[in-house]
Amino acid sequence: MTMSNRAPDHPQWAVVGLMDEPAPLMAAWVAHHVAIGAGEVHVVFDRPDPPTEALLRGVSGCFVHRSGEDGWALHWKARRPNRHQARQKYHATRIANETAMDWIIHCDADEFVHLERPLSWELEKTREKAWLRLEVLERTFVPGVTGGDIFQGVFRKRWDAFAEEGAAFYGPRARFLNRGVSGHIAGKACMRTGQGYVLGVHHPTEHWDAPGGTVTLPYRPSYNARLMHFDGLTPLHYILKMMRRALTQVSGAPVPYAAPRVAQFEEAARLARDPQALWDHWFAVQGMTEAEEVALVQRDLAERIACPVLSHAQALFPELDFSPAGFDRLLLEHEEALVAKAKERLGFDAQAFLAEAFTG
């Protein structure tokens with residue numbers, strides 16, 4: 001594997017993600033991580049997308065892969081794992097074992113590393129730990145703040161006292177939130193390479209068959225790097241994700257989603273035929289009023305971040321449209337099969353859920 005952007009005097013890091021998203025999101029992910037100092041940026045396409053692959057190959061430091069390009073040589077049956085999470089683990093581990101970088105971060109297309117200082121500065125000081133945990137900042141929508149582009153918003157943080165205090169703050173909406181956020185609270189890992197570790201969705205393990213929820217390798221939370229999670233770049237993006245969860249069936253034990261996440265996609269499926277009710281559900285999960293934002297900021301449970309993703313994306317890809325309406329148009333094309341399945345099975349009309357269809 002050819003290295004890029006490597007400065008041997010400092011620890012170097014890579015980022016890897018398995019992706020299947022519209023081109024603007026994937027391009028922004030690449031541009032942002034190159035801009036903040038990743039020595040290698042690895043994008044694994046879960047299904048072929050030649051135009052986007054060609055677009056990303058033009059970026060110095062970006063390595064484009066296709067899922068299964070190695071014949072699944074590391075898989076015990078040498079075939080494609082059925083579960084998305086298993087494919088994420090497979091590719092993250094494969095790239096971690098191949099890269100010449102010193103550390104690697106595994107995150108999704110809707111997750112962007114946010115740094116206070118260059119990551120190499122912190123990695124120089126990380127001697128004995130196998131990995132660093134990146135805590136989550138989750139983008140939420142606040143009327144009058146979010147709009148314009150797909151990366152605007154207010155970021156809320158994990159609320160450790162949510163079980164005791166969340167219902168009083170959010171009311172019935174609290175059942176959709178896990179410690180105050182709609183997505184995961186586990187964070188993502190920045191793992192030391194060259195140790196033979198397996199890099200899972202949220203943390204590394206010592207070997208492939210270690211229990212998924214068991215953390216045994218020594219780590220500490222990063223005091224410099226966090227993860228900006230855009231759990232749905234637009235309302236339609238989020239709702240289609242919930243439709244996919246509701247419609248996906250796999251053999252064996254189900255993926256153990258947290259109860260609030262299950263409540264989200266079950267409610268989305270129940271309301272699929274009613275665009276206004278579904279819109280209200282989306283805001284209940286992902287929205288905040290200005291008063292709620294002020295209250296959470298005062299308690300250090302939310303913050304406005306000068307999010308640099310758009311500027312990084314536009315610098316490399318000025319020809320792409322990063323507006324919500326533009327993104328949704330591409331999303332409808334990219335997710336044509338899912339849109340049709342949700343219409344047939346659940347009665348969901350994606351066209352009726354575009355943001356411009358609603359005035360409030």
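Summary table
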quantity	calculated
Filtered residues of region 288-307 (kept if closer than 25 Å to P22 by Cα and either of a type in the set (V, I, T) or surrounded by fewer than 17 Cβ atoms within 10 Å (Cβ to Cβ) (or both))	I305, A306
Among residues of region 46-74, those that are at positive phi and surrounded by 15 or more Cβ atoms within 10 Å (Cβ to Cβ), counted	3
Some residue of region 245-266 being among the β-branched types (V, I, T), at pLDDT 95 or above and either exposed (fewer than 13 other Cβ atoms within 10 Å of the Cβ) or under 24 Å from V113 (Cα atoms) (or both)	no
In region 215-232, residue nearest to the chain's Cα centre (by Cα) [restricted to those that are modelled with pLDDT of 95 or more and of a type in the set (A, V, I, L, M, F, W, C)]	F230
Scan of region 28-46 for residues that are under 14 Å from the mean Cα position of the chain (by Cα) and more than 24 Å from R80 (Cα to Cα), ordered by number	A28, W29, V30, H32, H33
Test: E356 is out of contact with any Gly (no Cβ under 9 Å at 6 or more places or on another chain) and within 20 Å of D20 (Cα to Cα)	no
Verdict on E206 being surrounded by 12 or more Cβ atoms within 10 Å (Cβ to Cβ), at pLDDT below 90 and among the acidic types (D, E)	yes
Subset of region 75-112 (residues that are of a type in the set (G, A, S) and surrounded by fewer than 24 Cβ atoms within 10 Å (Cβ to Cβ))	A78, A86, A100, A109
Top-ranked residue in region 186-201 [being touching a strand residue (DSSP E or B) at 6+ places or on another chain (Cβ under 6 Å) and aliphatic (A, V, I, L, M); ranked as farthest from S222 (Cα to Cα)]	V198
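Each row is one residue, and each column tells you yes or no for (1) out of contact with any Leu (no Cβ under 7 Å at 6 or more places or on another chain); (2) farther than 20 Å from Q276 by Cβ; (3) assigned to a helix (DSSP H, G or I); (4) modelled with pLDDT of 95 or more.
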residue	(1), (2), (3), (4)
D321	yes, yes, no, yes
A325	yes, no, yes, no
L330	yes, yes, yes, yes
A337	yes, yes, yes, yes
A340	yes, yes, yes, yes
A352	yes, no, yes, no
E356	yes, no, yes, no
G360	yes, no, no, no
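Yes/no matrix, rows are residues, columns are (1) over 28 Å from S120 (Cα atoms); (2) modelled with pLDDT under 95; (3) small (G, A, S):
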{"site": "H10", "(1), (2), (3)": "no, yes, no"}
{"site": "V15", "(1), (2), (3)": "no, no, no"}
{"site": "G37", "(1), (2), (3)": "no, no, yes"}
{"site": "V41", "(1), (2), (3)": "no, no, no"}
{"site": "P50", "(1), (2), (3)": "yes, no, no"}
{"site": "G61", "(1), (2), (3)": "no, no, yes"}
{"site": "R66", "(1), (2), (3)": "yes, no, no"}
{"site": "E69", "(1), (2), (3)": "yes, yes, no"}
{"site": "A73", "(1), (2), (3)": "yes, yes, yes"}
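The values are calculated or read from the model by the stated rules, or taken from the named source; none is laboratory data. As the structure is a prediction and not an experimental result, all values here were calculated from the model. Glycine also receives a Cβ, built like all others from the backbone with ideal geometry; neighbour counts cover every protein chain displayed.
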